[in-house]
Structure formats: C-alpha cells, structure tokens
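*Asks:* Please find one structure pasted underneath; my questions will follow.
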Amino acid sequence: MDGNKKAVLEAKIKRTIQALEKNGMPAQYAPTKEDAVKAVGQLLTPGDVISCGGSVTLRESGVRELMLSGQYDFLDREQQPPEEVYLKTFGADVFLTSANAITEAGELYNVDGRGNRTAALIYGPKKVVVVAGVNKIVRDLDAAIYRVKDIAAPPNAMRQGKGTPCGQLGRCAGCGGGMTAGCAHEERMCCHYVVTAYQRTKRIYVVLVGEELGY
C-alpha cells in the first residue's frame, strides 16, 4: 500500500474508533490478526463461559482458535445442538461476533437469518466482543446496506450452498432496493436488521483489525 492510501485508511480507522467511543462502545485498533487475538484475549478471563455467532472473521483472524484453547467454557454450536447453544448463550459471560459493517459515524450494522447473533448482540451475555477487519468500515448506513447486499451476502450464500438468488446468481434480488428488500426464498439469510447506534452500558467492545477479514 502506497503512502497516500495508507494515510487515508489510517484516517478512516481513527475517525471510526473515535465515533464508536463517542457512541459508548470502547474500541481499539489491532494492526494484524495476531494483535487482534491478543486484544481479544485481554477482554476475556480464563474460565469465562463464551459463545459466538457464525463468523468467517473469527476463524480467519485466529480468534476461534483462542476460543478453542481450553482456557474457556466454550458453548460451541458446531459441537453441540445449535438451538440449545443459542439459548445458553444469553447467560454467557462473553459473546464474540463480527459485524456486517461499521460506519464511520460509529454505528454497528448487522443482518441475520435466525436472529440468534443479533439477539445476543443486543441483550443477554455480560460482554460482547466485536472483531472486524478494516474492509467492514463504510461511510454511512446506505453504504452498509449496499455492502451486505452486493459484497457480503453473495459469497457467504455460495459458501453455505444456499439456493437463494444471491447464492445462485451472485447478487441480491433486492439490489437497488431499501434496507429490507430481498427475496422470499425459504433459505433467505437476510431476515433481521439491527443498527446499534449507542450503548448506554459498557458491554460492547470493538476490535478493528488492520486486515481484510470475512465477508
């Protein structure tokens, strides 16, 4: 990355972190994936009951490996009945997740299928740790909506073998429409839309990673 592009990215990261802080969500910057794992580790306590939403970011960053390290009581939906894990997660000490987008105004934008991830983000677990690559930073909510429909949903649907338009055609059926525009397919992934604009209690923590992670 040349000097000018690097300066622009650094300014964007700084602006986003300051906005998150202003909105009551403590945020920090981790230049690399290794730094991100260390940052997340500092937000956890050995013995914590932890869980997570479905996230390519957690896997790619190495955070999932930390969760599986044996230091924590991990409610893992890949090893236990998912529906049981979803309910137990509300009583967890820490819930880990990524975000579909983070605006430069310090808003978290998340779109969910079942709603278990967005539900735990909003309420339940004592602490929520959001890990996101710099590719998730967008200018505003309009850009966040576009990002999910045009950039994130198609490859994610293809990865999961979904029969939805985005999974089959590589684009959302609701591209060009509003936030909730989409298909009526039974496997639709974009069912619940949540914007976290402000946090009144110190519960959600954000780790921005200086690498592209996830969708």
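*Asks:* Can you tell me how much longer the chain between LEU9 and TYR146 gets when fully stretched, taken as 0.36 nm per residue apart minus their C-alpha distance, in nm with one decimal?
*Replies:* Fully extending the segment from LEU9 to TYR146 adds 47.3 nm.
*Asks:* Only loop residues by DSSP count here, and only those with at most 15 other Cβ atoms within 10 Å; note down the chymotrypsin sites (Phe, Trp or Tyr not before Pro) in the range 39-111 that meet that.
*Replies:* The qualifying sites are PHE90.
*Asks:* Restricting to DSSP H runs of at least four residues, report the calculated mean residue ellipticity at 222 nm for the chain, -39500 (n - 2.57) per run over all residues, nearest 500 deg cm²/dmol.
*Replies:* Roughly -9500 deg cm²/dmol at 222 nm, from the helical runs in the chain.
*Asks:* Quick one: length gained pulling GLU65 to GLN168 fully straight, 0.36 nm per residue minus the C-alpha distance?
*Replies:* Taking GLU65 through GLN168 to full extension adds about 34.0 nm, to one decimal.
*Asks:* Also, quick follow-up: Select from PRO26, PRO155, PRO46 the residue whose mean-square fluctuation is largest in a Gaussian network model of the chain (Cα-Cα springs shorter than 10 Å).
*Replies:* The residue with the greatest mean-square fluctuation here is PRO46.
*Asks:* Under the Kirkwood approximation for Rh and a Cα-based Rg, what ratio Rg/Rh is obtained for the range 154-213?
*Replies:* Taking Rh as the inverse mean 1/r over Cα pairs, Rg/Rh reads 1.09.
*Asks:* Hand me the GluC sites (Glu not before Pro) from the range 26-133 located in a DSSP loop with no more than 11 other Cβ atoms within 10 Å, in residue order please.
*Replies:* Those satisfying the criteria are GLU78.
*Asks:* When Lys and Arg each count +1 and Asp and Glu each count -1, what net charge do the other residues less than 14 Å away from THR89, Cβ to Cβ, add up to?
*Replies:* It works out to a net charge of -2.
*Asks:* Taking N as the number of residues in the range 99-192, what is its Cα Rg relative to 2.2 N^0.38 Å?
*Replies:* 1.07
*Asks:* Throw me the Rg/Rh for the range 1-113, computed over C-alpha atoms with Kirkwood Rh, two decimals.
*Replies:* A ratio of 1.01.
*Asks:* Ok, one more. Which entries of LYS88/LYS149; LYS5/LYS136; LYS14/LYS149; LYS12/LYS202 have Cα-Cα distances beyond 19 Å here?
*Replies:* In this structure, LYS88/LYS149; LYS14/LYS149; LYS12/LYS202 lie more than 19 Å apart at Cα.
*Asks:* Still on this structure, I have one more. Out of all DSSP beta bridges with both ends in the chain, state the antiparallel percent to the nearest 5.
*Replies:* The antiparallel proportion sits near 25 percent.
*Asks:* A further question on this structure: Which FRET efficiency, nearest 0.05, do GLN42 and ARG139 yield, Cβ-Cβ r, R0 30 Å?
*Replies:* Between GLN42 and ARG139 the formula returns 0.50.
*Asks:* Can I ask one more? If each Cα of the chain is one equal point scatterer, what is log10 of I(q)/I(0) from the Debye formula at q = 0.08, 0.09, 0.10 Å⁻¹?
*Replies:* Reported log10 I(q)/I(0), two decimals: -0.26, -0.34, -0.42.
*Asks:* Using DSSP to define loop residues, name the GluC sites (Glu not before Pro) in the range 151-215 whose beta-carbon has at most 12 other beta-carbon atoms within 10 Å.
*Replies:* Listed in order of number, the matching sites are GLU186, GLU212.
*Asks:* Net charge within 13 Å of ASP140 by Cβ-Cβ distance, Lys/Arg positive one each and Asp/Glu negative one each, not counting ASP140 itself?
*Replies:* +1
*Asks:* Related question: Fewest first, what order do VAL37, VAL8 take by the number of other Cβ atoms within 10 Å?
*Replies:* Final ranking by Cβ density, sparse to dense: VAL8, VAL37.
*Asks:* For the chain, the longest stretch holding no trypsin sites (Lys or Arg not before Pro) located in a DSSP loop with at most 10 other Cβ atoms within 10 Å is which?
*Replies:* Between the exposed loop sites, the longest stretch runs 1-199.
Values quoted throughout were computed directly from the atomic coordinates according to the rules given, and no laboratory measurement underlies them. Computed from a prediction, not measured in an experiment: that's the story for all the values here. Cβ atoms come from the backbone with ideal geometry, glycine included; neighbour counts cover every protein chain shown.
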